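These notes concern the structure reproduced below.
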């Protein structure tokens with residue numbers, strides 16, 4: 001059974017560390033997570049805005065609604081999955097589930113960005129009902145495994161509260 005639940009830094013740190021070490025993209029895009037303490041610190045920092053994507057009692061990913069701005073009714077959404085959990089629609093369902101909850105709280109516009117060279121992340125956003133709005137050229141810079149800095153274009157997406165919800169089965173939320 002898949003569900004969304006709050007993070008537990010003590011319980012979930014090992015799963016998060018394993019996910020980041022198994023995925024070069026996650027490892028490069030987040031704060032350096034090379035120890036259990038670093039994973040616990042990361043979870044402590046995101047706990048207010050993030051939910052764990054739980055599959056069978058183990059955290060396999062994360063979905064986040066950050067930078068909530070009540071005056072304008074906006075939030076910045078993001079997500080990640082451990083490599084072993086990818087390819088089954090779980091990230092799209094998690095993103096849609098959290099999006100519906102945030103809309104129910106009164107927000108109007110949810111935004112996110114996906115690297116243009118990451119078709120899987122782009123597909124997650126589109127399946128979750130997000131509409132492509134444009135490309136930010138060379139928006140991000142990451143250092144690759146050889147120590148070389150590379151710039152990446154980012155595809156921007158948004159979903160508005162009146163947009164039709166996608167035909168996805170929402171995840172349970174603990």
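Only the coordinates and a few stated rules stand behind these numbers; no lab work does. Note that the coordinates shown come from a computational prediction; the quantities given were computed from them, not determined experimentally. Heads up, the Cβs are rebuilt from the backbone with ideal geometry, glycines too, and the neighbour counts pull from every protein chain shown.
The figures follow:
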| item | result |
| --- | --- |
| Model label zone, residue 21; criterion: amide N under 19 Å from point 7 Å along Cα-to-beta-carbon; scope region 67-83 | 81-83 |
| Fully extended contour minus Cα-Cα distance, from residue 169 to residue 58, at 0.36 nm per residue | 38.0 nm |
| Inter-label distance, nm, simple model (7 Å from Cα along the C-beta direction), residue 101/residue 142 | 2.6 |
| Inter-part distance where region 56-70 and region 121-174 are each reduced to a Cα centre, Å | 14 |
| Proxy reagent accessibility, fewest Cβ within 10 Å first, across 146, 72, 108 | 146, 72, 108 |
| Region 2-173: antiparallel DSSP beta bridges as a percent of all, rounded to 5 | 85 |
| Rel. contact order, % - alpha carbon contacts under 8 angstrom, at least six apart, the chain | 21 |
| Rounded D (µm²/s) - region 133-174, Kirkwood Rh over Cα pairs, Stokes-Einstein at 37 °C, 0.692 mPa s | 238 |
